[in-house]
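Written below as structure tokens is the structure these notes are about.
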Amino acid sequence: MKKEEVILNAKLYSAVEPSKEQQKRFGNFLKNKYGQEVSLEWVKSDAFPGGFRMEVGNDIYDWSVGGRFRQLRDTLVKVPTDNGNIIPLLKESIESWTPEALAEQVGEVTTVGDGIATVSGLGQATFGEILLFTDGVRGMVQDIRTNEIGCVLFNDDESVTQGSSVRRTGKTAGTPVGEAFLGRVVDALGTPIDGLGEIEASGYMPVETQAPPIIDRQPVDTPIETGILSIDSMFPIGRGQRELIIGDRQTGKTAIATDTIINQKGKNCICIYVAIGQKNSSVVRVQQTLMKHEAMDYSIIVSASASDPAPLQYIAPYAGCAMAEYFMNQGKDVLIVYDDLSKHAVAYRALSLLLDRSPGREAYPGDVFYLHSRLLERAARLSDNIGGGSITALPIVETQAGDVAAYIPTNIISITDGQIFLESDLFFAGQRPAVNVGLSVSRVGGDAQTKAMKKAAGTLRIDLAQYREMEVFTQFASDLDDQTRQQLEYGQGLMRMLRQKQYKPKSQHEQVITLVMALAHTMQGIDVDEVNSFIEGLIEHFETEHRDICDRIDKEGVMDDDLKQQIIDISTEYRNGIDERD
Ligand code: ATP
Ligand code: MG
């Protein structure tokens, strides 16, 4: 039986017909390259003045002026620009540059729709590689099959049609990074969308990177203060930690994140807020809030709103993380908020279904867990010999009717180092921030608490747990004995103490003094509605009359027994003073 032969045809486009001698040279080149006779067909074309273009199967040899310019540009891009004078380097690169008839792989779009394109003829494209479509539309390889690849498009797909050509770039998705991004709002590809002009990037980082290995990390031991009493006292967050904020819609999740960002003012911490699948109006609100509280100077907002294509929403948190890594690698501390990962998972699900992946639980693709774990693993505290920088991640997840056992919430709970659980019932009862003390936890942050805070918070969690139990048991009791009533009052007072207005972060000394005073039962007997004004007055008293105590707590972060007793004494005195006046 005769072996089946694949016949290769080459097409040569040029303005003038090649001479016999030239044709022979082409023939030899092709024979060497492909190991067989290749028939050469000449097509007259004026599109390549001063050069030619040859197509052999999927390979394209571009010797047109445009193609050679592109090669030159690619060479010059590789010239290092970080050491001073680059003119000699450029000169050298240009002098030593010889154009090559490089083969470029060019494929063809077979189908396109919903921001997804299937491309044939790019057999060597790699997963995650960026492809260039007509009109500069960019896409990313997300699916590799036997004869074609699936690619998500980052821009509008209008100019991409069936049959249009696609070029490989050999690069993976990346984002520009740098100091100039601080104070700005950008989209998932790092393009400014706040109308404040171009941003001069200091570098370009891939959006997907490996998380730092264990050897490069050190334990979490420095706090990142949220300024929210209920969190800093009971669920402290350390630099490099991943703490989930979870709750139903409209329970104050974003509020906790923005308050934390506001509280980083003057604390040498860069903040990145990534908005995924949200309304543009919500993103603008966050931006205005941050501007109003002078927090935008050290913050970046990365936004892929609900109206952006799913691929952009999918890539946004990774891009935000790449920007954070740029700062972390310089030894800086970064706080990054992903608001929120449920919408991120939904965007990824849409993408995967369009790419024909088989749906799993709740129709999410099987790798949705890996999607979030590889993102959150990039939060880290680097060891001192590589700069000691850190990324603290605050992912947000929205639950439906408080169901934390749904697929995405359970996934993310298991990847993070703890969660702050917000509850609608508490929120509507006026207990804001609506932190459910029983269900919230921070698994590593305790090590990061200052000694003063640790000592001050003492039995708060246990006291609150006892109060909750007692509250349930005494719900239907008509008359209570004195001791039980006092216990209940004490618990109610503590709950009131934990209420805190938005945009009013509390400093260390404020939190420590409040806790010490309250846990010493100083507020016993005060009407619950008066609790917050009593605390305000007390803090003012401390700040004016006992500044040294406040400064000591803020600066040293320690509190010995003497100091604790002193705080209790001053508080009791203050309380007695008020009682006498009334
Ligand atoms: P969504 O699910 O829509 O994203 P969310 O859980 O992020 O909502 P927020 O937008 O943060 O919730 O807050 C909902 C509303 O509650 C806002 O109007 C906000 O101003 C208010 N709010 C949040 N926290 C507090 C607080 N501590 N005190 C008073 N009001 C608050
Ligand atoms: Mg929100």
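Computed from the coordinates by the stated procedures, all read-outs in this text should not be read as laboratory data. What you see is a predicted model; the values in this text were computed from it and never measured. Counting neighbours? That spans all protein chains shown, and the Cβs are built from the backbone with ideal geometry, glycine included.
Side notes on the structure shown:
- Within the chain, the longest run free of exposed loop sites, counting chymotrypsin sites (Phe, Trp or Tyr not before Pro) that sit outside DSSP helix and strand states (H, G, I, E, B) and have at most 12 other Cβ atoms within 10 Å, spans 128-475.
- Orientation-averaged projected area, Cα convex hull of the range 203-269 (nm²): 6.9 nm²
- Beyond 19 Å, the tail of the calculated P(r) for the range 152-202 holds 45 percent of the Cα pairs.
- Put simply, the C-alpha atoms of the range 194-318 give a gyration tensor, and the ellipsoid matching it has half-axes of 24, 21, 17 Å, longest first.
- Here the Karplus curve 6.51 cos²θ - 1.76 cosθ + 1.60, taken at θ = phi - 60°, turns the phi angles of the range 291-303 into couplings of 5, 4, 9, 6, 9, 6, 4, 10, 10, 10, 10, 10, 10 Hz, with x standing for Gly and Pro.
- Rotationally averaged projected area of the range 365-516 (alpha carbon convex hull; nm²): 12.4 nm²
- Applied to the range 408-416, the Karplus parametrisation 6.51 cos²θ - 1.76 cosθ + 1.60 on θ = phi - 60° returns per-residue 3J(HN,Hα) values of 5, x, 5, 3, 6, 4, 6, 8, 8 Hz, with x for Gly and Pro.
- With Cα atoms, 0 to 90° folded angle of helix 20-34 axis to the chain main axis: 50 degrees
- Among beta bridges that DSSP assigns inside the chain, antiparallel share in %, nearest 5: 55 percent
- Taking the charge dipole of the range 234-339 about its Cα centre, with +1 at Lys and Arg Cβ atoms and -1 at Asp and Glu Cβ atoms, the residue from Cys271, Thr251, Val284 reaching farthest to the positive side is Thr251.
- Amide H contacts of Ile144 (H built 1.01 Å from N, under 5 Å, at least 5 apart or other chain): Gly150
- Percent of Cα pairs in the chain per distance bin of 10 Å, from zero to the largest separation: 3, 14, 21, 20, 15, 10, 7, 4, 3, 2, 0, 0.
- Remark on Ile526: its backbone amide H falls under 5 Å from none of the residues 5 or more positions apart or on other chains, H modelled at 1.01 Å from N.
- Angle between the chain longest axis and helix 310-328 axis [Cα atoms, degrees, rounded to 10]: 70 degrees
- Here the 3J(HN,Hα) profile of the range 365-382, calculated from phi with Karplus coefficients 6.51, -1.76 and 1.60 at θ = phi - 60°, is x, x, 9, 5, 5, 5, 3, 7, 5, 6, 6, 6, 5, 6, 6, 6, 10, 6 Hz, Gly and Pro shown as x.
- Separation of the range 12-33 from the range 103-180 is 31 Å, based on Cα centroids.
- In degrees, nearest ten, helix 531-545 long axis to first principal axis of the chain (Cα): 90 degrees
- Over 22 Å (Cα to Cα) - which of Lys332/Lys564; Lys171/Lys279; Lys454/Lys506; Lys332/Lys501 fall in this group: Lys332/Lys564; Lys171/Lys279; Lys332/Lys501
- The chain: relative contact order in percent, alpha carbon pairs under 8 Å with at least 6 residues between: 12 percent
- 5 angstrom amide H check on Glu129, placed H, neighbours 5+ away: Val141
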